[in-house]
Amino acid sequence: MTDPAAIAKALIQHKGAVRSRELVDAGVARVQLSRLVAAGELIRLARGVYTAPGVVLPGSEEGVLVVAERIPEARLCLLTALRLHGLTTQAPFEVWIAIGNKDRLPRLDWPPLRVLRFSGEALTAGLETRTMGSKQVRVTNVAKTVADCFKFRNLVGLDVAIEALRDALRARATSVDELWKYAQICRVTTVMRPYLEALA
């Protein structure tokens with residue numbers, strides 16, 4: 001197979017999105033990448049990350065896949081995690097990620113990031129791994145995501161936090177015990193208690 005477009009599409013079909021170095025390793029010259037983009041054969045998601053027109057990127061949005069490719073240590077949280085868990089109708093234009101208090105701030109030209117700093121157990125607890133394309137990404141589980149929404153209610157809105165709690169319980173995506181555990185870790189038991197008692 002010597003056609004660069006065919007090589008790129010075969011690789012993208014398998015992975016969803018690919019880095020430029022993967023395309024080069026497969027036999028597509030770097031100079032051909034910009035030509036394929038100009039011809040509409042490839043879509044440049046971000047610097048060094050490509051997909052093809054019509055490819056349905058797994059897990060939901062293109063931006064999340066770019067973050068998975070470019071920031072493998074990212075922890076997806078809050079509105080992005082809600083979206084991945086199917087607990088919100090909102091489609092955030094930013095990808096929400098959590099990093100440690102002393103971690104270097106990641107920078108991407110696209111997608112826009114909303115970076116929140118966590119420390120200790122609030123950073124490490126409640127993470128699960130899911131596969132997006134060929135990548136493994138870490139995302140906060142349902143109960144931790146709901147607790148985080150209450151913790152950052154000034155950012156996401158209390159109505160979003162309450163809706164997430166209601167939907168998570170209605171869908172049986174988590175339990176009251178799990179929610180209470182992460183409410184304690186996030187130090188939002190006082191805020192969450194009345195809503196948990198009303199909805200449980």
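Among the criteria (1) modelled with pLDDT of 90 or more; (2) under 30 Å from Lys151 (Cα atoms); (3) surrounded by fewer than 21 Cβ atoms within 10 Å (Cβ to Cβ), the one Pro112 does not fulfil is (1). Within segment 30-43, the set of residues being hydrophobic (A, V, I, L, M, F, W, C) and in contact with a Pro (Cβ under 7 Å, 6 or more places away or on another chain) comprises Leu36, Ile43.
The single condition among (1) of a type outside the set (A, V, I, L, M, F, W, C); (2) touching a residue at least 40 places away in the same chain (Cβ under 8 Å); (3) under 30 Å from Ala143 (Cα atoms) that Glu94 does not meet is (2).
Could you identify the single residue in Leu42, Leu11 that is buried (at least 17 other Cβ atoms within 10 Å of the Cβ) and modelled with pLDDT of 90 or more? Talk me through it step by step, then tell me what you get.
Details: Leu11 fails: modelled with pLDDT of 90 or more.
Just one listed residue meets the conditions, Leu42.
With Val115, Val137 as the choices, which residue is out of contact with any helix residue (DSSP H, G or I) (no Cβ under 9 Å at 6 or more places or on another chain), within 18 Å of Val66 (Cα to Cα) and assigned by TED's automatic domain parsing to the domain that holds Glu94?
Working: Val137 fails: out of contact with any helix residue (DSSP H, G or I) (no Cβ under 9 Å at 6 or more places or on another chain).
Among Val115, Val137, only Val115 is out of contact with any helix residue (DSSP H, G or I) (no Cβ under 9 Å at 6 or more places or on another chain), within 18 Å of Val66 (Cα to Cα) and assigned by TED's automatic domain parsing to the domain that holds Glu94.
Sort out which residues of segment 115-141 are under 18 Å from Pro92 (Cβ atoms), of a type in the set (A, V, I, L, M, F, W, C) and either loosely packed, with under 15 Cβ neighbours inside 10 Å or touching a residue at least 60 places away in the same chain (Cβ under 8 Å) (or both), and write them in order of number. Passing the criteria: Met132, Val137, Val139.
Consider Arg30 carefully, then state whether it is within 21 Å of Val67 (Cα to Cα) and among the charged types (D, E, K, R). It is false that Arg30 is within 21 Å of Val67 (Cα to Cα) and among the charged types (D, E, K, R).
The values are calculated or read from the model by the stated rules, or taken from the named source; none is laboratory data. Please read all numbers here as calculations on a predicted model, not as lab measurements. Note that we place each Cβ from the backbone using ideal geometry, even for glycine, and neighbour counts take in every protein chain shown.
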